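Everything on this sheet refers to the single structure shown next.
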Amino acid sequence: MTTKYLKKKINELTQGTSSNSAKLDTEISESLHPNHFTVCKVVRHGFPFEPTAMAYDPVQNILAIGTKNGSLRIFGQPGVDCHERHDSDVAIIQIMFLINEGALVTVCADNSLNMWNLRQKRPAILHSLKFNKEIITYCHIPFQSKWFYIGTERGNIHIANIETFTLSGYVINWNKAIELSRKTLPGPVIHLSDCPTDQNKLLIGFESGTAVIWDLRTKAAENRFNGAQPIRSISWHFEGRQFMCSHTDGSLSCWDIKSPSKPISVTYPHGKVAVKGGKPVDPCAPIMKVEWKSAKLGEPYVIFSGGLCQEKGGTGTPCVTIIQGKNTTVLEMEYPVIDFVSLCETPWPSAENQDPHAILVLLNNDLVVIDLMSPGYPCFENPYPMDLHESPVTCVQYFADCPADLIPVLYSAGSNSSRKKTSYSKKNWPIKGGQWGTGGSSDQEIIITGHADGSLKFWDASQVTLQVLYKLKTAKVFERGKQHKSLDGDEEPYAVQKITMCPDSRILLVAGASGHLLLYRFSKLEASCEITSLEISIVYEVEDPDTPETELPPMPTPNSLKRNTSTLSAESTAGLSNNVPPPAAPPSPNPSTGAHKPSTSSGEGMRDGVPNLKVKSGLQKYTMGYQPDLCCQLLWTEGEPPPLVTCLQINSFYGLIAFGTVNGLVIVDYIQKTCLLHMGTPNLYGSADPYQRTPRSPKKPKVPQSLGDIVEQLTDSERSRQATGAVAAAEQPNGICVSPTGNNSKKMKSVTDGKLTRSKSQTSSRRVTKTQSNPCDTGANGDRDKDSADASGVGGIFSGLLNRSESSFTQSRSSSMSSLDRESKEGVQSLYFVESYARKTDPVTGQVIPETEKNPITSPCLWVGTTLGSTLVIVLSLPPPGDQRISQPVFVSPSGTVLCMKGTILNIAFLNSNGGLISASTEAWKDMNYEQKEGEREKKKPSMPPRVPRISPSASTEMADRQFAVITSEKESKVISLPSQTCAYRAKIAESSYVVKADVISMPNKELCLACYIANGHVVIYSLPSLRLLLDYDFVPLTDLRVGRTFQFSAHGKALYQCSPTEIQRLTVCAEHSNSLHDMLGDLFIPCTTPEAPSRGFFKNLFSVSSGSLDRQELFGENSGKPSRSIAKHVPGTAGMEAVKAQSQTVGGEIARTKLELIKRGEKLSETEKRTSEMMQNAESFASAANELMKKQKNKKWYQL
């Protein structure tokens, strides 16, 4: 009998029992449309990753930093931060400001120059100039000049116009600059600058050690200076008579422009010279840059980077040295110095009173600003969030709609606990340019970052900039040890991997890299408490789930649920209430399956039954803020480390936490400090397991060849299930799992019946511990496609078999991110606490009854999504709030419901009958320490409001579904109607790729949608519950797994991800927020007057080296000839008039233009009002003057006039 014929027969048998997609009784109106969505980057936070260049505008007081990947960050005063990027990922090798012009030029590694317009809130490229035959090495823009110089690797200097970005015919060739007798190339141009007092003289520095003063008018070299060492940088003296060079051997040479034969002096600032004028004994690091600045009072400053003595083969300690007269100060840096700029009072290089007041030092991983006006040269405290990567970021959580009182209390706790460092400068931050935006978000936003050292940082993200609120160190909970390592072998055992928080109850849950989980409560008072520790072990048989590719997979063999061992540490017993009995001893395993070995922690032997870290014992003092209340630790098992935590979920209303691992699930009651459930994922199914699981070396199961084989398998399965259920029911009341530390734990016995063990042929690599939980008596509700998940009778099971076979997927899928680390075990990937319908069957008897007699009710549940695409439902039976919640145990029982989809389950959410989000109930925050101090409570009671009554349908609404479960996997999303468990809507999200992150989010109009980020870089939005595609935007591809690990959607269409190891990018998918972004961003350019040029006295002008003013337009303009077209190509930028016209045709452009017109109209009206008021004042003054004159001349005669 062929498979097609068998499938046809099954369809005929199940035609009467299978159901089609659910049709809603009442259509839910959806107000979201595609024009409500767009993807727009908002702002980037953190330190620019891999910086390569820096520049500063001394008039506008703004700073620009370029990076290796082409990013450009511009900083003004705190709150003014802009990020732009070149079209290609090329390094920025130099940045030059057009001082007080509202523009800058970037020089990139692809030999292109780009002019950026800073007079708009979003800077854009106006012009680009791409060199074809030569490599650009250095550029220079003279102050207030319309022409700039371009040096190349061959030693040639080209000149270009700033306004048109076109080359001039004036070229300085290398063979004319050097001596005629020299036959070798002078090397790349590493420096270009005008003489401070004579614009006609151009100083050219070549890498080989030669410097040339070029006369622009005569087009000839005036003087040539040949140094013995390669040059790294050159700086002029403000009088224009001398210049200083830094060299690769750590020396500084000073030259007089009238004496080119030899330098005035050659010094090694940090070298130990045996003979005066000789070379140092030990080699010195190169001095990469030097600046020579004048001071009105005192000696001039000589500032340089590098030059320290280095050991053989070493690179020397990174440092910045400040020399003023005989005083030398060396400031060692933590990271290599990329560049530095001294901040002066005037932009004129010829000013006698340059007076540098600060130094900006760009390091590889930090930005340091040194105060030169304070004794000891202290550093300024950086107001930018550049310490985001102080310890590597490992986890990010985003809350875009927090309670209004949460940010103030976190800030209060942070300011109270942090100690102000007195080593910082007391002066104001020197970078003070730009202006804040007029608009802003009214949402209370918080970003929590977890770090590799176990610390957490809470950031206020309500505005454009980030402000740190509070810091928490989780490592303080544990004892320090040299042997501590994380589970993956790294030296960071405390690294934070998962974070979740209940903003209403202020309960924080943190999972670490050593298999530990910490629960924190917020308190406004200092407290001394002892941490309760729960040690949990997940032990199960290691099996490979067999997902055959045949059209009809075999039926699973019956499997009883298996409960694993858990221990409660000695510290935990002290934290329990007196009403709670001590935990029951672990059940004795069946000797046939192997006993659980005692705990061993020998450093050389096999570790078994011990945690990776040790919690501090005894009372510990904690300051105001988050204080640890519970620690759960997964244990080593026979030399294998604890499994990694994959997901977290907390419900303060239930008083429960749940976390999934790569191989199982754990549910903990944090009120009673007990573990309710801890078992491997395969054991959660019980007899409803849709997969055929086999040992490591499986034998192919027998594929049924006829309908009789299927019926025989079903009959055997039912008999096994009935026998298993009878044995378990005899040992356990009500057939449900209860807490091992509850009052009824003594009644529970270990199941040692040999019938419940696996066959001897199925040997496993782990010990198996028997369970005390009853297997589910319901069939598998495998909703594989559109059909119902009903397991009633043979027809229902046939339907489940058929649907499961149509959507089964193999373990070798290459499009899944989890396939990179594909393991044989099934893990838990998503969790959700909710009051919902757990099963389709009767909640009391568990029997399938006719549809017309059904009367299902809601109950507290935990929905579990696995890596193999299954969604399981676990029913929670909670005692009433108050004293009973503390004294009575919590019951946990699987419901038997199994919904199956393609791919790993990423997100589970619930909607009510009106399409609104059913969020988990929360508990209001109360300070437990305050209640204990005031004597308001003698026992630890949860402040839980009265439980919401369960929804029970009336006679008129029995047939209607009242909830919708929105389940999203790596491949698809389904909207399941509850309690009928039928698929109402379905959407295939990714065919060739896979979904990385999915979440149900709310928009500003309170409407809900499904937002997904796909590995191919697309952000897609679907409506709910109909799953209509509203947006498909090509955003950023998943080239870095860091993006997928940290991508977070939040309320009101906001999202973020970690774009680099040191930066976080915020974005929005809401068109309304995107349109208001223009008002929220700050202005980079503020019109202001340029400082006047320094006045020169009569004698200075008389003895000056200047030869008069230089007309660059006459030299470099049309009279210079036409440039070669093959040298460079002009490329128009995106900020031209064409781009503006194209943008104005869009909806966003029209809105922006309308706002601009309104602003102009308002300005004109205000100007008119101002003029009117001035005219009225003039009229009044004229009238008063006329009145006084009349009074004065009133009594005079005509001849007295």
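Observations on the model:
- Where a residue in the range 401-417 is under 16 Å from Q444 (Cα atoms) and its partner, wherever it lies, is open to solvent by 50 Å² or more (accessible area, probe 1.4 Å), with Cβ under 6 Å and at least six apart: C402/Q444; A404/Q444; I407/Q444
- On inspection, S455 does not qualify as of a type in the set (G, A, S) and free of Cβ contacts under 8 Å to residues at least 24 places away in the same chain.
- Among the numbered conditions (1) open to solvent by 10 Å² or more (accessible area, probe 1.4 Å); (2) in contact (Cβ under 8 Å) with a residue 60 or more places away in the chain; (3) hydrophobic (A, V, I, L, M, F, W, C), the only one that C379 does not meet is (2).
- Tally of residues being over 29 Å from the mean Cα position of the chain (by Cα) and assigned to a strand (DSSP E or B) across the range 504-537: 8
- Every residue from the range 817-833 that is modelled with pLDDT under 50 and surrounded by 16 or more Cβ atoms within 10 Å (Cβ to Cβ): M817, S818
Conditions tested, residue by residue: (1) modelled with pLDDT under 95; (2) crowded, with 23+ Cβ neighbours inside 10 Å; (3) in contact with a strand residue (DSSP E or B) (Cβ under 9 Å, 6 or more places away or on another chain).
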| site | (1), (2), (3) |
| --- | --- |
| K476 | yes, no, yes |
| R480 | yes, no, no |
| D504 | yes, no, no |
| V510 | no, yes, yes |
| E526 | yes, no, yes |
| I531 | yes, yes, yes |
| I536 | yes, yes, yes |
| P545 | yes, no, yes |
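- Cβ separations smaller than 7 Å between residues 6+ apart or across chains give the following pairs from the range 200-211 residues that are on the phi > 0 side of the Ramachandran plot to residues that are open to solvent by 10 Å² or more (accessible area, probe 1.4 Å): G209/N226; G209/G227; G209/A228; G209/Q229; G209/P230.
- Considering the conditions (1) in a loop (DSSP other than H, G, I, E, B); (2) open to solvent by less than 20 Å² (accessible area, probe 1.4 Å), M373 is excluded by exactly one of them, (2).
- Across the range 332-370, the number of residues qualifying as open to solvent by less than 50 Å² (accessible area, probe 1.4 Å) and part of a strand (DSSP E or B) comes to 16.
Table: residues versus (1) part of a strand (DSSP E or B); (2) in contact with a Phe, Trp or Tyr (Cβ under 8 Å, 6 or more places away or on another chain).
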residue	(1), (2)
P1037	no, no
V1043	no, yes
H1052	no, no
A1055	yes, yes
Q1058	yes, no
S1074	no, no
H1078	no, no
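- Elements of type strands (runs of 3 or more DSSP E) contained in the range 917-999, each with 1 or more residues being polar (S, T, N, Q) and modelled with pLDDT of 95 or more: 963-969, 972-978
- Looking at L1084, L1038, L1024, just one residue is surrounded by 22 or more Cβ atoms within 10 Å (Cβ to Cβ), more than 18 Å from S973 (Cβ to Cβ) and in contact (Cβ under 8 Å) with a residue 40 or more places away in the chain, and that residue is L1084.
Listed here are the residues, each with its yes/no results for (1) over 18 Å from H158 (Cβ atoms); (2) open to solvent by 10 Å² or more (accessible area, probe 1.4 Å).
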site: W174; (1), (2): no, yes
site: A177; (1), (2): no, no
site: L180; (1), (2): yes, yes
site: P186; (1), (2): no, no
site: T197; (1), (2): yes, yes
site: K201; (1), (2): yes, yes
site: G205; (1), (2): no, no
site: G209; (1), (2): yes, no
site: V212; (1), (2): no, no
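- Wholly enclosed strands (runs of 3 or more DSSP E) of the range 142-229 bearing at least 2 residues closer than 26 Å to S1126 by Cβ and of a type in the set (F, W, Y): 147-152
- With respect to the conditions (1) polar (S, T, N, Q); (2) at pLDDT below 90; (3) open to solvent by 40 Å² or more (accessible area, probe 1.4 Å), S1104 lacks only one, and its number is (3).
- Applying the set (1) open to solvent by less than 10 Å² (accessible area, probe 1.4 Å); (2) modelled with pLDDT of 90 or more to G686 leaves exactly one unmet item: (2).
- The criterion of at least 2 residues that are in contact (Cβ under 8 Å) with a residue 60 or more places away in the chain and crowded, with 19+ Cβ neighbours inside 10 Å is met by the following strands (runs of 3 or more DSSP E) wholly inside the range 74-120: 81-85, 112-117.
- Any chance S1120 is surrounded by 11 or more Cβ atoms within 10 Å (Cβ to Cβ), among the hydroxyl-bearing types (S, T, Y) and modelled with pLDDT of 75 or more: yes
- Count - residues of the range 513-522 that are closer than 13 Å to L472 by Cβ and open to solvent by less than 10 Å² (accessible area, probe 1.4 Å): 4
- Positions within the range 290-307 being closer than 15 Å to V330 by Cα and either among the hydroxyl-bearing types (S, T, Y) or open to solvent by 30 Å² or more (accessible area, probe 1.4 Å) (or both), in sequence order: Y301, S305
- Residue satisfying condition, being among the aliphatic types (A, V, I, L, M) and either within 16 Å of T1062 (Cα to Cα) or open to solvent by 60 Å² or more (accessible area, probe 1.4 Å) (or both), within set V393, V464: V393
- Selection within the range 1041-1059 - buried (at least 22 other Cβ atoms within 10 Å of the Cβ), under 19 Å from I448 (Cβ atoms) and touching a helix residue (DSSP H, G or I) at 6+ places or on another chain (Cβ under 9 Å): K1054, L1056, Y1057, Q1058, C1059
- Evaluating T646 against the criteria (1) open to solvent by less than 10 Å² (accessible area, probe 1.4 Å); (2) farther than 20 Å from P628 by Cα; (3) under 25 Å from the mean Cα position of the chain (by Cα) leaves one unmet condition, (1).
- Residues satisfying the stated conditions in the range 212-253, i.e. of a type in the set (V, I, T) and touching a residue at least 24 places away in the same chain (Cβ under 8 Å): V212, I213, I231, I234, T248
The values are calculated or read from the model by the stated rules, or taken from the named source; none is laboratory data. Model, not experiment: these values are computed from the prediction. When we count neighbours, we look across all protein chains shown, and the Cβ atoms used for this are built from the backbone with ideal geometry, even at glycine. These accessible areas exclude ligands, DNA and RNA; they are computed on the full protein's heavy atoms, side chains included. Shrake-Rupley method; radii C 1.70, N 1.55, O 1.52, S 1.80 Å.
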